[in-house]
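The values are calculated or read from the model by the stated rules, or taken from the named source; none is laboratory data. Here the structure is a predicted model, which means the values were calculated and not measured. As a convention, Cβ positions derive from the backbone with ideal geometry for all residues, glycine included, and neighbour counts pool all protein chains shown.
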Amino acid sequence: MLNTYTDIRYLKGVGARRAEYLNAMGIDNVGALLRFFPRGYEDFGKISGIMNCTLGETVCIKAKIEGEVTEHYIRKNMTVFKFSIYDGTAFCRVTIFNNKYLAAKLAGGREYLFLGKIELDRFGYSMSSPQIRETNFEGIIPVYRATANMTSAAVEKLVRAALISTETEEILPESIRRGNNLTNIREAIENIHFPKSREALERAKRYFVFEELFVLSVSLMLLKGKRKVAAKAVIKRDYTEKFYSSLKFEPTEAQRRAVRECLRDMASGRVMNRLIEGDVGSGKTLVAAALMYNMARCGWQSVIMAPTEILAEQHFRSLSEFFAGSGIECVMLTGSMKKSEKTAAKQKLLSGQAAVAVGTHALLTSDVEFKNAALVITDEQHRFGVDQRAALALKGQNTHTLVMSATPIPRTLGLIIYGDLDISILDEYPKGRAKTASYVVSGELRERAYGFIKKHIDGGRQGYIVCPMVEESEQTAGIKSAEQYFEDVKNGAFRDYRVGLLHGKMKPSEKEAVMRSFKAGEIQLLVCTTVIEVGIDVPNATVMLIENAERFGLSTLHQLRGRIGRGKYESSCIFMTDVRGGNTAERMAAVKNTSDGFKIAEADLKLRGPGDFLGSRQHGLPDLKIADLYADNDILKLASMAAANLLEHDPKLNLPDNANLRKAVIDMYKRLNEN
């Protein structure tokens, strides 16, 4: 008998060449083959009538061939076979393309099963290229992802061979299966590939969805536990109220709660690994400032790294204002600073004179040293590489880590997406922030939209026009590139205004120069791409037009909208789209009717699916084989609770019942490290 770790080369029917084909599909051992789940199924067990079936959907018809099967030569390499079938409710024309072998097996007057889509035209019902089986076959057939070298039928044959010759092992402990009403591994694996019924298939799917989410939850919980190492800096006194008393405004309760959660971590004796997740404008910088204030008062240094110079400058100005009169000195380090300025900043950090460092990648150079850095903060972490984040953390020893993100992730997914971090959520806006009105319009109203933008600019304000693409070469029908759009409006509708262009393919120095000009008010209207999604804080910008809005995810639209309404002025965002099909109307309504980033994230996840929404590699999340993080949310909750309970009783998975789970967790770590 084989086991699930047996190399795929040793399975009957697999030679060296076929093993290469399977390896390319991610199948290197027998277990991987058995967990190469079908992408769909052909159900010959549910019979429909021609007359009452749903047109355009795949159905199974049990019908008799009327008359003979006729052959028609169309052109070279194209022969079609035609015949008519009758099932007692109606006649249907059937066409088969280039399949002489199948046509030869069919006989007039005999009954068969036909699986395919039925259409209706002026000549009656028709079916093109259906799957055809004998009437004694009424099962569910798996359909596998195929390649040029491995057809679905070839994979099916190998799976059948593996099921006969392989001993399957349970990953889930019996207590977990029993407590969650799950079938056993053998029944699950047989019915996920060759289901005895629809009910058996659903039970098998539930088993593997639970198993995958359970293993992922255990892996991330263990990873979080491993990172709970002893901290170099332990907060022994809380100076937060003194910091609050120096502010000119009242922090929100959400901000206060986040600061309390962080300080509790930092006072525990273990390093903090926490994510501050807040919507655009929710006040994450104040939370960071409160923590830095406490660290400085306790004699430690803090570092905050931003992805762009202009964002680093914004943080530097904000923190300098927060710490004014406190005696806490901030220094900034960016690539464009003069050498003398950099040298002075580095000396202050090395001596400990400066308690706070704000900067970009310039903080990572080997000659930047700290006296006693103990808190490391990264803003918009996904914009930094893993190596960069690690290099920053190494500037101190066993440092506390805070990650700030303005990209809301639905609360229910927090454990999975940021499983190695504790999470604090800012779900309130500071008082005094102006609301942004949102409108969805078609391209027919473009001239009116331009007039609306001009009114804002004439009133002393500034605006954005956002395009989905940069260059003309990227263009598809009906979509202008940012470069072309800039030329058109600069020489057309906005020729009397100061118009700028900003996109991601510009040199960093060029981007910085444009952003500075816009922030200074030298540019009145900025034509741009999503490069502005993070990093520009211009309180004077009050109007935005987003072209081809259907091409952006809802969360991106919300992030873009967050670039306006950042001051005391009323603001307006116009989503322009001419697309009427699909779920565009539903998506546009979702972003128009709410300014809650978490609700928009939920809608985005539901409408786009987890793959597009999450961007697995951006978040370090492995590709899931069968689980759907939105559709399977209820199972995710159960799996997470079960994982937590198991680790309470066996925190290192040393018990014999958890031996196979331990192997699965090691495999999961490999997948996590690949992302």
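Is there a residue in the range 543-551 that is of a type outside the set (D, E, K, R) and at pLDDT below 85? Please lay out each step first, then the result.
The initial filter retains those residues of the range 543-551 that are of a type outside the set (D, E, K, R), namely 543-546, 548-549.
With the extra rule that they be at pLDDT below 85, the set shrinks to none.
The answer is no; no qualifying residue exists.
Residues THR79, THR54: which one is part of a loop (DSSP other than H, G, I, E, B) and closer than 17 Å to SER128 by Cβ? Even if it seems obvious, please write down each step before you answer.
Numbers: THR79 fails: part of a loop (DSSP other than H, G, I, E, B).
Sole residue among the options that is part of a loop (DSSP other than H, G, I, E, B) and closer than 17 Å to SER128 by Cβ: THR54.
Identify all residues within the range 84-115 that are of a type in the set (D, E, K, R) and closer than 12 Å to GLU71 by Cβ; write none if there are none. It would help to see each step written out before you state the result.
If we filter the range 84-115 for residues that are of a type in the set (D, E, K, R), which is where we start, we get 87, 93, 100, 105, 110-111.
Scanning the range 84-115 gives a single hit, LYS100.
Return a yes/no flag: does the range 10-18 have any residue that is surrounded by 14 or more Cβ atoms within 10 Å (Cβ to Cβ), among the aromatic types (Phe, Trp, Tyr) and farther than 30 Å from GLU119 by Cα. I'd like the intermediate steps shown before the answer.
Step one: of the range 10-18, the residues surrounded by 14 or more Cβ atoms within 10 Å (Cβ to Cβ) are 11, 14, 18.
Right, trim to among the aromatic types (Phe, Trp, Tyr) and you get none.
No; the residues of the range 10-18 include none that is surrounded by 14 or more Cβ atoms within 10 Å (Cβ to Cβ), among the aromatic types (Phe, Trp, Tyr) and farther than 30 Å from GLU119 by Cα.
Would you mention how many residues in the range 516-531 are in contact with a Leu (Cβ under 7 Å, 6 or more places away or on another chain) and either in a strand (DSSP E or B) or more than 23 Å from GLY553 (Cβ to Cβ) (or both)? Walk me through how you get there before you give the answer.
Pass one, the range 516-531, residues in contact with a Leu (Cβ under 7 Å, 6 or more places away or on another chain): 518, 526-528, 530-531.
Next, from what is left, pick out any that are either in a strand (DSSP E or B) or more than 23 Å from GLY553 (Cβ to Cβ) (or both): 518, 526-528.
Adding up the residues that qualify gives 4.
Suppose we filter ILE176, ILE164 for residues that are crowded, with 20+ Cβ neighbours inside 10 Å and of a type outside the set (S, T, N, Q); which single one remains? Lay out the reasoning, then the answer.
Values: ILE164 fails: crowded, with 20+ Cβ neighbours inside 10 Å.
Testing whether each residue is crowded, with 20+ Cβ neighbours inside 10 Å and of a type outside the set (S, T, N, Q) leaves just ILE176.
Return a yes/no flag: does the range 157-176 have any residue that is in a helix (DSSP H, G or I) and closer than 20 Å to ALA627 by Cα.
Pass one, the range 157-176, residues in a helix (DSSP H, G or I): 157-165, 174-176.
Okay, now just the ones that are also closer than 20 Å to ALA627 by Cα, so 176.
Yes, there is a match, as at least one residue in the range 157-176 is in a helix (DSSP H, G or I) and closer than 20 Å to ALA627 by Cα.
In the set GLU250, GLU321, GLU309, GLU277, which member is touching an Asp or Glu at 6+ places or on another chain (Cβ under 6 Å) and modelled with pLDDT under 95? Explain how you work it out, then say what you get.
Details: GLU250 fails: touching an Asp or Glu at 6+ places or on another chain (Cβ under 6 Å); GLU321 fails: touching an Asp or Glu at 6+ places or on another chain (Cβ under 6 Å); GLU277 fails: touching an Asp or Glu at 6+ places or on another chain (Cβ under 6 Å).
Residue meeting the stated conditions: GLU309.
Please enumerate the residues belonging to the range 1-40 that are of a type in the set (Lys, Arg) and not in a loop (DSSP other than H, G, I, E, B).
Passing the criteria: ARG9, ARG17, ARG18.
Before we move on, is LEU560 without any contact (Cβ under 8 Å) to a residue 60 or more places away in the chain and under 15 Å from VAL280 (Cβ atoms)?
no
Being crowded, with 20+ Cβ neighbours inside 10 Å and under 25 Å from the mean Cα position of the chain (by Cα) is the filter here; which residues of the range 28-44 pass it?
PHE36, PRO38
If you scan the range 46-59, which residues turn out to be in contact with an Asp or Glu (Cβ under 7 Å, 6 or more places away or on another chain) and closer than 14 Å to THR89 by Cα?
Once the filter is applied, which keeps residues that are in contact with an Asp or Glu (Cβ under 7 Å, 6 or more places away or on another chain) and closer than 14 Å to THR89 by Cα, the range 46-59 yields GLY49, ILE50.
Would the range 167-181 turn up any residue that is out of contact with any strand residue (DSSP E or B) (no Cβ under 6 Å at 6 or more places or on another chain) and over 27 Å from PRO656 (Cβ atoms)?
If we filter the range 167-181 for residues that are out of contact with any strand residue (DSSP E or B) (no Cβ under 6 Å at 6 or more places or on another chain), which is where we start, we get 168-181.
From the residues that got through so far, the ones that are over 27 Å from PRO656 (Cβ atoms) too are none.
Looking through the range 167-181, none of the residues is out of contact with any strand residue (DSSP E or B) (no Cβ under 6 Å at 6 or more places or on another chain) and over 27 Å from PRO656 (Cβ atoms).
Right, ALA103: part of a helix (DSSP H, G or I) and over 44 Å from the mean Cα position of the chain (by Cα) or not? If you could, list the steps in order and put the result at the bottom.
On the way: part of a helix (DSSP H, G or I): yes; over 44 Å from the mean Cα position of the chain (by Cα): yes.
When the stated conditions are applied, ALA103 passes them.
Output the residues belonging to the range 296-311 that are closer than 11 Å to ASP379 by Cβ and surrounded by 24 or more Cβ atoms within 10 Å (Cβ to Cβ). So that I can check it myself, show each step before the final result.
First pass over the range 296-311, keeping only residues closer than 11 Å to ASP379 by Cβ: 304-308, 311.
Listed by number, the residues that qualify are ILE304, MET305, ALA306.
With the condition kept exactly as written, say whether any residue in the range 292-305 is free of Cβ contacts under 8 Å to residues at least 60 places away in the same chain and either of a type outside the set (Val, Ile, Thr) or closer than 23 Å to SER405 by Cα (or both). So that I can check it myself, show each step before the final result.
Of the range 292-305, the ones free of Cβ contacts under 8 Å to residues at least 60 places away in the same chain are 293-294.
Retained after the next criterion (residues that are either of a type outside the set (Val, Ile, Thr) or closer than 23 Å to SER405 by Cα (or both)): 293-294.
So far as the range 292-305 goes, yes, one or more of its residues are free of Cβ contacts under 8 Å to residues at least 60 places away in the same chain and either of a type outside the set (Val, Ile, Thr) or closer than 23 Å to SER405 by Cα (or both).
Scan (1) more than 16 Å from MET127 (Cβ to Cβ); (2) out of contact with any Gly (no Cβ under 6 Å at 6 or more places or on another chain) for the single condition GLU42 breaks and write down its number.
All conditions are met except number (1).
Would you confirm whether any residue within the range 98-108 is polar (S, T, N, Q) and crowded, with 18+ Cβ neighbours inside 10 Å?
Keep residues of the range 98-108 that are polar (S, T, N, Q), which gives 98-99.
Next, only the ones that are crowded, with 18+ Cβ neighbours inside 10 Å stay: none.
No, every residue in the range 98-108 fails to be polar (S, T, N, Q) and crowded, with 18+ Cβ neighbours inside 10 Å.
Hey, among the residues in the range 213-259 that are among the hydroxyl-bearing types (Ser, Thr, Tyr) and part of a loop (DSSP other than H, G, I, E, B), which one's nearest to the chain's Cα centre (by Cα)?
We begin by selecting, within the range 213-259, every residue among the hydroxyl-bearing types (Ser, Thr, Tyr); these are 217, 219, 239-240, 244-246, 252.
Remaining after also requiring part of a loop (DSSP other than H, G, I, E, B): 239, 246, 252.
Values: TYR239: 38, SER246: 39, THR252: 29 Å.
So, considering only residues that are among the hydroxyl-bearing types (Ser, Thr, Tyr) and part of a loop (DSSP other than H, G, I, E, B), the one nearest to the chain's Cα centre (by Cα) is THR252.
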